[in-house]
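These notes are about the structure you will find just below.
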Amino acid sequence: LRAAIQTANDTPSMDTIYFNLEASGGVTPTIQPRSMLPPFFRPAFVDATSQPNVQQVILDGSLAGLTHGLAFDTGQSIVAGLVVRRFNGNGLLVVGAANGLIINNVQSLNNSRAGIEIAGKFGDLIILGTGNAGMGNGGAGIIAGNDAQIGAPLAPLGGGSTRLEVSN
C-alpha cells in the first residue's frame, strides 16, 4: 500500500489502487503498516472493493505507532470498501483543499481519535456514500471543521486513470 500511495503521488492524473491480497476461506485480508503511511497529495481511488471474494480490506494501525490511518491533502479522491481500525490518530484525516473526496462503504473502528476528521479549507466537498460506519473511536465518528461541506449529489470524476495493485 505504501508503494502504491507513493506511485499515486508521483503521477498528475488520478490513479486507482486495486487490491489482490491472498486470503483463504473468505477471510478479509489485513494490512498492518509498521510506520506512518505517506499522505495522498494527488487524486486517487483507493478501491478495496476490488479485493477478490470479500470486496473489503482491513487497514490495521496497531503496529504503526502514533499516526493516522489514511491522510488526504488533495481533492477528487475516493475511498471505498476499506476497514480502518486501531490507529493512534484518526482513521481517515482530510486536510487542505479536499474538494470532491468521496468516502463510500468505509468502516473506521477503534481509532484513538475520530473515525474520520475533515479539517479542510473553505469550499471542501466531502461526499459520504452508503455503508459508512464509525464505532468505538476515541473521538466522534466524524468530525468536520466549520468550512467543510458534507453531503452532495454523487458526481463522476473525469480524466484518465492509472491502475496500481496491492498484492502479496
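Taken together, the values in this text are just the output of simple stated rules run on the coordinates, not laboratory data. Owing to the predicted nature of the structure, the values given are computational and were not obtained by experimental measurement. Here the Cβ is made from the backbone with ideal geometry for all residues, glycine too, and neighbour counts use every protein chain on show.
Remarks
- Each of Ser24 and Asn88 was given a label point 7 Å from its Cα along the Cα-to-Cβ line. The distance between the two points is 3.4 nm.
- Trypsin sites (Lys or Arg not before Pro) restricted to segment 14-123 and DSSP loop, no more than 12 other C-beta within 10 Å: Arg34
- On the basis of the beta-carbon distance and an R0 of 22 Å, Asp73 and Arg34 show a calculated FRET efficiency of 0.45.
- Potential lengthening between Asn53 and Ala3 on full extension [0.36 nm per residue; Cα-Cα distance subtracted]: 15.6 nm
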